[in-house]
Amino acid sequence: MDAEEARHVDATLRRLGIPGIVAPENPDDTAGAWRVYDSLDPTVRKDTTPDVLAAVVAQFGEADPKPPRRADGGPTRGFIIPPDVN
(Lines give C-alpha, C1' and ligand atoms only; values in the text may rest on other atoms or scores of the structure.)
Protein backbone atom coordinates (compact mmCIF):
# COMPACT_ATOMS: atom_id res chain seq x y z
CA MET A 1 0.00 0.00 0.00
CA ASP A 2 1.11 3.56 -0.52
CA ALA A 3 1.00 6.45 1.97
CA GLU A 4 -2.57 7.49 1.10
CA GLU A 5 -3.89 3.92 1.40
CA ALA A 6 -1.95 3.59 4.66
CA ARG A 7 -3.77 6.62 6.07
CA HIS A 8 -7.13 4.96 5.33
CA VAL A 9 -5.97 1.63 6.78
CA ASP A 10 -4.78 3.35 9.95
CA ALA A 11 -8.12 5.12 10.40
CA THR A 12 -10.03 1.86 9.80
CA LEU A 13 -7.92 -0.04 12.32
CA ARG A 14 -8.54 2.63 14.96
CA ARG A 15 -12.29 2.62 14.26
CA LEU A 16 -12.41 -1.17 14.59
CA GLY A 17 -10.17 -1.25 17.67
CA ILE A 18 -7.59 -3.45 15.95
CA PRO A 19 -4.02 -2.83 17.15
CA GLY A 20 -1.32 -2.02 14.62
CA ILE A 21 1.12 0.65 13.53
CA VAL A 22 0.89 1.56 9.85
CA ALA A 23 4.36 2.59 8.70
CA PRO A 24 6.57 2.54 5.60
CA GLU A 25 8.65 -0.60 5.02
CA ASN A 26 11.68 1.65 4.73
CA PRO A 27 11.43 4.44 7.33
CA ASP A 28 13.58 6.68 5.10
CA ASP A 29 11.28 6.25 2.09
CA THR A 30 7.73 7.35 2.89
CA ALA A 31 6.89 7.27 -0.83
CA GLY A 32 7.52 3.50 -0.91
CA ALA A 33 5.41 0.58 0.27
CA TRP A 34 3.73 0.59 3.70
CA ARG A 35 2.81 -2.31 6.02
CA VAL A 36 1.20 -2.85 9.43
CA TYR A 37 3.58 -3.51 12.32
CA ASP A 38 3.37 -4.27 16.04
CA SER A 39 5.79 -1.46 17.00
CA LEU A 40 7.13 1.86 15.75
CA ASP A 41 10.76 0.84 16.27
CA PRO A 42 12.04 -0.39 12.88
CA THR A 43 14.83 -2.42 14.51
CA VAL A 44 12.50 -4.71 16.50
CA ARG A 45 9.11 -4.41 14.82
CA LYS A 46 7.29 -7.41 13.38
CA ASP A 47 5.16 -7.23 10.23
CA THR A 48 1.60 -8.06 11.29
CA THR A 49 -0.14 -7.15 8.02
CA PRO A 50 -1.55 -10.68 7.37
CA ASP A 51 -2.85 -10.96 10.96
CA VAL A 52 -4.43 -7.51 10.80
CA LEU A 53 -6.05 -8.34 7.46
CA ALA A 54 -7.56 -11.47 8.99
CA ALA A 55 -8.85 -9.44 11.96
CA VAL A 56 -10.54 -6.94 9.62
CA VAL A 57 -12.18 -9.74 7.64
CA ALA A 58 -13.35 -11.33 10.91
CA GLN A 59 -14.95 -8.01 11.92
CA PHE A 60 -17.00 -7.92 8.72
CA GLY A 61 -17.64 -11.63 8.29
CA GLU A 62 -16.64 -13.72 5.35
CA ALA A 63 -15.21 -11.72 2.47
CA ASP A 64 -17.33 -12.97 -0.42
CA PRO A 65 -18.00 -10.73 -3.42
CA LYS A 66 -21.22 -12.56 -4.25
CA PRO A 67 -24.42 -11.27 -2.64
CA PRO A 68 -25.85 -13.40 0.18
CA ARG A 69 -28.65 -15.81 -0.68
CA ARG A 70 -31.95 -16.39 1.11
CA ALA A 71 -32.60 -19.68 2.88
CA ASP A 72 -34.64 -20.84 -0.11
CA GLY A 73 -31.78 -20.02 -2.50
CA GLY A 74 -33.35 -16.91 -4.03
CA PRO A 75 -31.57 -13.57 -4.27
CA THR A 76 -31.76 -11.14 -1.36
CA ARG A 77 -31.89 -8.02 -3.49
CA GLY A 78 -35.16 -6.51 -4.58
CA PHE A 79 -37.61 -3.71 -4.04
CA ILE A 80 -39.96 -3.12 -1.14
CA ILE A 81 -43.09 -1.27 -2.14
CA PRO A 82 -44.93 0.16 0.85
CA PRO A 83 -48.70 -0.32 0.94
CA ASP A 84 -50.90 2.59 -0.06
CA VAL A 85 -52.00 4.19 3.21
CA ASN A 86 -54.59 6.52 1.65
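Of all residues in the stretch 1-18, exactly one satisfies the criterion of being of a type outside the set (A, V, I, L, M), touching a residue at least 24 places away in the same chain (Cβ under 8 Å) and within 13 Å of residue 56 (Cβ to Cβ), namely 12. Taken over the stretch 1-35, the criterion of being among the β-branched types (Val, Ile, Thr) and in a helix (DSSP H, G or I) is satisfied by 9, 12. For the stretch 37-73, residues that are over 12 Å from the mean Cα position of the chain (by Cα) and modelled with pLDDT of 65 or more total 15.
Within the stretch 1-30, how many residues are surrounded by fewer than 12 Cβ atoms within 10 Å (Cβ to Cβ) and touching a helix residue (DSSP H, G or I) at 6+ places or on another chain (Cβ under 7 Å)? The number of residues fulfilling the criteria is 0.
Note on the stretch 36-59: residues that are part of a loop (DSSP other than H, G, I, E, B) and either in contact with a strand residue (DSSP E or B) (Cβ under 6 Å, 6 or more places away or on another chain) or acidic (Asp, Glu) (or both) total 5.
The values are calculated or read from the model by the stated rules, or taken from the named source; none is laboratory data. What you see is a predicted model; the values in this text were computed from it and never measured. So basically every Cβ, Gly included, is an ideal-geometry build from the backbone, and we count neighbours across all protein chains shown.
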